[in-house]
């Protein structure tokens, strides 16, 4: 690892830790975060209502993420747009988290980030506004960079949003957060992805995020006994 790679790696972790500290201080000054778990059970259904406010931030994987990752990676619906064709064991995924949570993207050419929703709750169970507000973090998905090419400054994108948090605009926020990260910390020029032609939700998501369809891979995916085309998308994320 060169000195430049070491500097980039430590700069990434510096930015990550700084963001977590800011988030912690936000909770401390706005309310008692210890009450947030109790409040979340009552206001889970209000996460997108006028009574709450939330934002999405990306972070490194932690061992505690194993349950969510195990659930996502063993969902056959996810396999269609990935290279997976069989279930993953909990042991294999735990090893993946351990090896990749602090991995250097410049050496392994890939990076997985977890997406947390920071929810700020502003009312009690009767709907009345409170004097204090509380915040809580919920893991809502993960997003991947792969085929990272630092010379041509590009990378592929893969995204998973937990079933409980879909159709809430969270996937779009995750993509925009990833763009900021890639542009500011990895100096990426563009992001790209491929989507099965019958995956209407993912197509709508990437097009809403500003990705442009740039090609078609004919009969690229074999699923349920038939061949499916794959649409290629890309987005230039730096200013010309």
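The values are calculated or read from the model by the stated rules, or taken from the named source; none is laboratory data. On a predicted model such as this, the values are computed, not experimentally measured, just so you know. For neighbour counting, all protein chains shown are included, and Cβ atoms are generated from backbone atoms with ideal geometry for every residue, glycine included.
A compact table of results
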read-out: Pair list, Cβ < 6 Å and 6+ apart or interchain, from the range 68-80 residues that are at positive phi and without any contact (Cβ under 8 Å) to a residue 24 or more places away in the chain to residues that are in a loop (DSSP other than H, G, I, E, B) and surrounded by 13 or more Cβ atoms within 10 Å (Cβ to Cβ); value: none
read-out: Close pairs from the range 166-177: first more than 18 Å from residue 144 (Cβ to Cβ), partner in a loop (DSSP other than H, G, I, E, B), Cβ under 9 Å, at least 6 apart; value: 168/47; 168/48; 169/48
read-out: Tally, over the range 207-222, of residues that are at positive phi and touching a helix residue (DSSP H, G or I) at 6+ places or on another chain (Cβ under 9 Å); value: 1
read-out: Boolean, residue 175 is under 19 Å from residue 97 (Cβ atoms) and at pLDDT 95 or above; value: no
read-out: Single match in 156, 215, 210 (criterion: under 19 Å from the mean Cα position of the chain (by Cα), over 19 Å from residue 113 (Cα atoms) and at pLDDT 95 or above); value: 210
